[in-house]
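The structure under discussion appears below in the form of structure tokens.
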């Protein structure tokens, strides 16, 4: 079958390849291509030529020296890489090829870009802001841990908790922490912990690993669930140098699972020392208060004893004894004076000697003796009278003497106050009457006003 196109319209091979090259370069944007390196060549020009292949096909690629960045010499045949560049055509041979602008190991490079992109997105939404994060309780009543129950993280956390504060129980919410199913299981475990609402704080994490191993904790849906969780969450993923999206959105980031256990509970030994110090201070303060109250009680007791009727009687009896002693001393002084005068008179009589003088002196002596006897009797009677008056005066002011005369001290049974007027109580109210011997409790039937 012949074509109707004239032969003069035919184009050369170079023109064909140039047009194909133009179509390819204009029709395709730059792309990322993942494949395995083969046929790697490093000529003296510094350019690198290679093929990228997978199980089904391969494509030629060129990485020119001026485009090379980083450790380009480190790549070798068999390496799985991620190449970024534009598709073109080598006109001289008619082979299409990938002109590489960037080459990096496959796997971590893609994941790193996805990680950075999600990190920027969530940061712009404010999910990393510190002011939205919850405080971790000082001493939780129960700790929840979302992790693999067979992993080393569980053993590390439980070991540290037993050492620091074994009284706090731990609830394990099992979930896979690696692989394609891990994000979904982590989400379900977190949802289960929120629904059961039995823990004050949650630890989510696992041991160390590569970026791919830790990738479940970079899931966007999991990150948003952590932000929305009403229970404070500690992220403890990998080692201290490992960072995941869960670390940034969690309320607290621990460098390791063991570090999370150090954060979530206090040191029991430090608490016991603090409690002992507080107990010592309380005991010291209590003892000081008791000493103050005891001293105040002693002072009040002394005041009560000093103002009691018994103390008043003791003071009056002491005063009476003093007055009696003074009276007796006065009588002895008077008798002594009279005796001295008698001796002097007797001496004068003996000196005079005549019988008449003797008789007169005897008469005068008898008179003086009678006067002396009368004076002495009068003085003694006088003293006894004064003593009786003082005794009666003392008894008249004695509350006990007043009670002995039939009087009573009446007090209100409720308030204990001494009643001075009948109107101080009401009918039906109980009163207490203190008599000379015993007390009476009576009920007021009627109040009679003063006449």
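We did not get these values from a lab; they are worked out from the coordinates using the rules stated. Computed from a prediction, not measured in an experiment: that's the story for all the values here. Cβ atoms come from the backbone with ideal geometry, glycine included; neighbour counts cover every protein chain shown.
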For the range 203-321, take every pair of Cα atoms, bin their distances at 5 Å starting from 0, and report each bin as a whole percent.
2, 10, 12, 10, 7, 5, 5, 5, 5, 5, 4, 4, 4, 4, 3, 3, 3, 3, 2, 2, 1, 0, 0
For residue 281 and residue 308, extending 7 Å from Cα along the Cα-Cβ vector and measuring point to point gives, in nm, a value of 4.3 nm
Row for the range 327-451, column shape: gyration tensor on C-alpha, a ≥ b ≥ c, rounded if a/c < 1.5 i.e. under 1.5, prolate if a/b over b/c, else oblate; value prolate
Mind checking the angle between helix 152-164 and the chain's longest principal axis? C-alpha axes, 0 to 90 degrees, to the nearest 10.
10 degrees
Gyration tensor verdict on the range 101-157 (Cα atoms; rounded if a/c is under 1.5, prolate if a/b is larger than b/c, oblate otherwise)
oblate
Alpha carbons only, please: Rg and Dmax for the range 135-266, in angstrom.
13.0, 37
With r defined as the distance between the Cβ atoms of residue 413 and residue 334 and R0 fixed at 56 Å, what FRET efficiency is calculated, to the nearest 0.05?
0.50
With axes computed from alpha carbons, what is the tilt in degrees of helix 182-196 against the longest principal axis of the chain, rounded to the nearest 10 within 0 to 90?
30 degrees
Cα-based Rg / Dmax (Å) for the range 285-331:
19.0, 64
How long, wide and thick is the chain, going by the Cα atoms along their three principal axes, in whole angstroms, largest first?
213, 67, 40
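Subtracting the Cα-Cα distance from 0.36 nm times the residue separation, let me have the gained length for residue 390 to residue 53 in nm, one decimal.
Difference between extended and current length: 107.5 nm.
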For labels at residue 25 and residue 113 in the simple 7 Å Cα→Cβ model, what's the distance in nm?
2.2 nm
Alpha carbon centre of the range 141-181 versus the range 359-390: separation in Å?
117 Å
Work out, step by step, the length gained on full extension between residue 44 and residue 96: first 0.36 nm times the residue separation, then minus their alpha carbon distance; give nm to one decimal.
16.4 nm
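Given a Förster radius of 56 Å and the C-beta distance between residue 16 and residue 239 as r, what FRET efficiency does 1/(1 + (r/R0)^6) yield to the nearest 0.05?
Efficiency at R0 = 56 Å is approximately 0.45.
Please arrange 215, 63, 299, 32 by counting, for each residue, the other beta carbons lying within 10 Å of its beta carbon, fewest first. Display every interim value, and only then the final one.
Values: 215 20, 63 23, 299 10, 32 14.
Starting with the residue having the fewest Cβ neighbours, the order is 299, 32, 215, 63.
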Distance in Å, no decimals, from the C-alpha centre of the range 251-296 to the one of the range 306-340 is 69 Å
If I fit a long axis through the Cα atoms of helix 268-306 and take the longest principal axis of the Cα atoms of the chain, what angle between them do I get, 0 to 90°, rounded to 10?
20 degrees
Difference of contour (0.36 nm per residue) and Cα-Cα distance, residue 440 to residue 320:
39.9 nm
May I ask you to derive the relative contact order of the chain, considering only C-alpha pairs under 8 Å and at least 6 residues apart, and to give it as an integer percent?
8 percent
